[in-house]
Amino acid sequence: MNVGKKEEPNRCELLGSSKDDVVHRIQDNCTTSSDKCQSIDKELEEKWTPKKQEGEPLVMCYYRLGYEEKAKRVADCGTFLEFARYGGMQEGAGGLPCGGVPCTGDSFKLHRANFCRDRLCPMCSWRRSYKIFGQVSQIMDLIADKYEFLFLTLTVPNCTADELINTLNNMAKGWIKLSRHKRFKAVVKGFFKALEITYNQTADTYHPHFHVVLAVPKSYFNSRDYIQRDEWLFMWQKAMNDSSITQVDIRKAKDKHKEKTGKTAAEKLASAVAEIAKYAVKSSDYLFEDEELTDKVVSVLVPALADRRLCSFGGCFAEAHKQLQLDDTENGDLIHIDGQLRSDVALQIYRYGWSCGAYKLIEVIYKANILAEYDE
Ligand SMILES: [Zn+2]
């Protein structure tokens, strides 16, 4: 692949922190660590920082490929985070020291942030998976008692880089055909579908597939409409007009660890669904030590994923989604992923900025100032 080499900005610029005012604010308005709440620090260190760092090779790759705008957006992603602290704890009740105030029992929620929404951004993929989990959990609470659920995986033979876009287009059409099949329509009352693409480095081929959760009536397993695995395969082959397809996986969603974890069937199922919809492509499938390989795969995935719907809800899933007034999993809010927060009930707001490889506390906004700052 011939990629025009561009001069790469230094690391600090790439991370979107050298020029903007974040750094100045950190210097001017630095708050001592004793004021911070340790639970936010822990979360930043264990969850946010690794995701932010994971995006760095992607930024470099985008610059090398000449995707300057994308590079800048991903570099700037998550450089600004605000967590709101909500109360619920009596002073002196044995919480963590947090500026002298116990904070165990308080909750911290992301309040404001800047996300780039790039399809391959590790930070945004992570937020999206939480969002999907949140939405599916709510949907399951509403419909789990009414249906049984099946996991269906629809695959096609691996394809080359040149064939990927065409294959994805055919799969989208194939899904529509399958969902209009009378056997399908007789039993499937709703679905959640997610696209995943894996990359096979040895063969240099791509493996696109759909993960689908199907809602079927409670009576499904004893009904004459029951569809055997071979029939699913045959229906998918027909929908794709490709008899060389050999892989279709269908299984009943089971709640194996119900007693152990104390989770309900709906929660378990929502977790499983979030897991399958976590990423369209795992970052380990496009970010490699080898920069040339990274560039090659990313340059294939960017056009293949552009304007493509990665997840969709249908039937009873879509109705519940609408009834719950949930927003779009792809274009919707990545900040308030489990419901809107009210800044007027927040006790404090902790504002963090990303600067040369770490999150630093910029300032703490106290209750008296929150209303003035946010709800004018
Ligand atoms: Zn992002």
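Readers should treat all values here as calculations from the given coordinates under stated rules, not as data from a laboratory. Owing to the predicted nature of the structure, the values given are computational and were not obtained by experimental measurement. Virtual Cβ from ideal backbone geometry, glycine too; neighbours counted across all protein chains shown.
From the cross-link list LYS278/LYS360; LYS278/LYS322; LYS70/LYS109; LYS47/LYS72; LYS131/LYS360; LYS109/LYS218, which pairs have alpha carbons spaced over 32 Å apart?
LYS109/LYS218
With +1 assigned to the C-beta of every Lys and Arg and -1 to the C-beta of every Asp and Glu, and no other charges, what is the dipole magnitude of segment 129-323 about the Cα centre in debye, to the nearest 20? Walk me through the numbers before you get to the answer.
Numbers: 28 positive and 24 negative charges, 284 e Å.
With Lys and Arg at +1 and Asp and Glu at -1, about 1360 debye.
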TODO: Using amide H atoms built 1.01 Å from N in the peptide plane, name the residues 5+ places from HIS111, or on other chains, whose amide H lies under 5 Å from its own.
DONE: GLU82, PHE83, ALA84
TODO: Output ³J(HN,Hα) for segment 283-299: one whole-Hz value per residue in order, computed from phi by the Karplus curve 6.51 cos²θ - 1.76 cosθ + 1.60 with θ = phi - 60°, and x for Gly and Pro.
DONE: 4, 5, 8, 9, 10, 10, 4, 6, 5, 5, 5, 4, 4, 4, 5, 4, 5
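Given 0.36 nm per residue, what is the gain on full extension from LEU293 to ILE176 after removing their alpha carbon distance, in nm?
38.7 nm
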Task: Estimated vicinal HN-Hα couplings, Hz - segment 151-158 in sequence order (Karplus 6.51, -1.76, 1.60; Gly, Pro = x) - done: 9, 10, 10, 10, 10, 9, x, 4
Task: Integer Hz, Karplus 6.51/-1.76/1.60 couplings in order for segment 116-132, x for Gly and Pro - done: 8, 6, 5, 4, 9, 5, x, 4, 5, 4, 5, 4, 5, 5, 5, 5, 4
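Subtract the Cα-Cα distance of GLN38 and ASP333 from 0.36 nm times their separation in residues, and report this length gain in nm to one decimal. Could the numbers behind the result be given before it?
Values: separation 295, 0.36 × 295 = 106.20 nm, distance 2.66 nm.
Between GLN38 and ASP333, full extension yields 103.5 nm more.
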Open item on the list: Under the rule of at least 5 residues apart or a separate chain, name every residue whose amide H is placed under 5 Å from the amide H of GLY190.
Closed with: ALA215, CYS316
- [ ] Give the peptides 71-82, 44-55, 353-364 in descending order of average Cβ contacts within 10 Å, highest first.
- [x] 71-82, 353-364, 44-55
- [ ] Taking amide H positions as placed in the peptide plane 1.01 Å from N, state which residues far from TYR67 in sequence (5 or more) or on other chains have amide H under 5 Å from it.
- [x] none
